[in-house]
Amino acid sequence: MGKRCVLSLLAVLLWHVGMASELADTTWRVESLEKLNTRSDEVLIGWDGRELYFGRLAPIARLESGKRWFLENREDFTSNRLMGWSEFAPPNSTKLMANRFPSWDALGEIQHAAIDSERGVVVLSIWMEDGQFDLFMAQREGGDWSIPRALDALNSPHDEVFPNFYDGDLLFGSDRPGGQGGFDVYRSNRTDLFLKANPLPAPINSVGDELTAVPGGGASGSGFYVSAVRMAGRGGVDLWWMGPAQQASATDAVILGMEIRHRREPLLNLDVSIRERGGKHVFSGALDEVGRVAIGALTLDAAVEVRFEANKRNSRPLPDGAVCHVYEQCETGSCLDSPWPGWSHIRSYRLEGGEAFVFDLLPLDALGALNRPSDRDQSLLRGDSEMWVGRFESSRANLAGNDLQEFIEWLKSYQDLDGNWPNNLKLLIEGHTDGNGVSSDNQDLSMQRAYHVARVAAQLGIPKDRVQASGLGSTFASGLDQQDRKVTVCWVLD
């Protein structure tokens, strides 16, 4: 099979999570990722806050290949998170391509690799001549990596596999003695100079096999995604989410309200119903004469569904482009200058028509009681628009003609009948590159892409003070180069 890296040289971002407080929580949920698990083995590769990357192998490969199973060819998949932490869309087949670096040429076969892009280090699990896997670390040196050195303090006569970074610390799987049985996930602290490792507690580890774990997000309660063999699984290695149960209290409750508008005008005669992700009914009500409804105090988990339906007085379906504004009730006497006096605007969702529309209301930022899947969740950015994404050829800073025309048409759709642009929104433009090349060059190229799109917006008459353009380089590169060479554009609340 040759030397290869089977992971996350996707440069997957690993979000900062309060691990110490989460692991101290005595009540955890363990949920199978049902739409992704099969009777084959599903091995977690990475998680970027929006998509889960995993490989799938036939169980016979594990049984017949022994330790070599970690290096067998596999089919790769990616899946988008739908709601909460454990509900994912059906997976799409993909091919996860790995980067190669000259300094790695003398290494054995690479089982898995993880990059801590913030600190410029990579950890590799490598097949050794004595028939086991050990951990090696290298540092970033310009456009290449240093020669990897063995992490002798962490390596054992057993196997160390599937390294992943967690806020600078290292997580990896090992079948060494000292865990709860079989393979367990161990943590080694950066502040301890990676000189020792301790197994994570239950429920992440169990008497079954836990091969790998990655943190689930950037908020308290995000937990971990884990590849493990569990009694409640499909019979092999499955994907799981494990995290603290929501601890609701009187201080958690927040009073929410909604306002539905289309082309700035309120929508009337619509019924609203809300259910928790498990199906439990939470609220039913009707929009008032200005298109608003006060929902009341909620102490909910990280995902609820909101459904709008035309009531008996109105058979007209919800029109395309309707916008749902979500508000939180302010303290008495405050927020009086808000569009909804006494209520503070939290976020807006652009809806796509039909007699009913179901969407993920949460996460709502600024509400401490309600969890957020990720600090980079794109719903944090949305004002009255969906995001537009334009792609670039390698090393190009300008959009191709068809993409440029598509962007112009998308942008013009937000002008009113008099040709005015939204007066309460700002155009946010972010340029991106793939992970190839030198970091500084990628940063410059991403800025050029963002500025190119900003110039187009200015030529269409959008005031410069209503446009914010920035380049993010390869910070969010996934390893899928064609998808990473892009610019994202959306309207956000000013």
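Coordinate-derived values only; no laboratory data. All values derive from a computational prediction rather than experimental measurement. Because the Cβ atoms are built from the backbone with ideal geometry, glycine has one as well, and the counts that use them run over all protein chains shown.
Worth a mention:
- Which of SER188, GLY173, ASN205, positive extreme of dipole for the stretch 167-219 (C-beta unit charges): SER188
- Gyration tensor (alpha-carbon) shape descriptor, the stretch 19-244, a/c threshold 1.5: rounded
- At R0 = 30 Å, FRET efficiency that the Cβ-Cβ distance of ARG264 and SER284 yields, to 0.05: 0.65
- Cross-link pairs LYS95/LYS412; LYS35/LYS67; LYS67/LYS486; LYS95/LYS426; LYS95/LYS196; LYS35/LYS486 - those with Cα-Cα distance over 32 Å: LYS95/LYS412; LYS67/LYS486; LYS95/LYS426; LYS95/LYS196
- Sorting 148-158, 196-206 by average packing, meaning the other beta carbons within 10 Å per residue, from highest down gives 196-206, 148-158.
- Counted charge near ASP184, where neighbours are those whose Cβ lies closer than 10 Å (Asp, Glu -1; Lys, Arg +1): -2
- Length gained when the stretch ARG396-ASN73 is fully extended (0.36 nm per residue, less Cα-Cα span): 112.9 nm
- The stretch 134-226 shape via C-alpha gyration tensor axes, a/c threshold 1.5: oblate
- Summary value for the stretch 379-494: 43 percent relative contact order, contacts being C-alpha pairs under 8 angstrom separated by 6+ residues.
- Computing FRET efficiency as 1/(1 + (r/R0)^6) for ASP441 and GLU309, where r is the C-beta to C-beta distance and R0 is 56 Å, gives about 0.60.
- Fraction of beta bridges assigned by DSSP in the stretch 388-493 that are antiparallel (%, nearest 5): 70
- Under a model in which nothing but the beta-carbon of Lys, Arg (+1) and Asp, Glu (-1) is charged, the stretch 19-244 shows a dipole of about 360 debye around its Cα centre.
- Cα gyration tensor shape of the stretch 78-169, rounded if a/c is under 1.5, else prolate or oblate by comparing a/b with b/c: prolate
- Averaging Cα coordinates gives a centre for the stretch 62-76 and one for the stretch 456-483; these two points are 41 Å apart.
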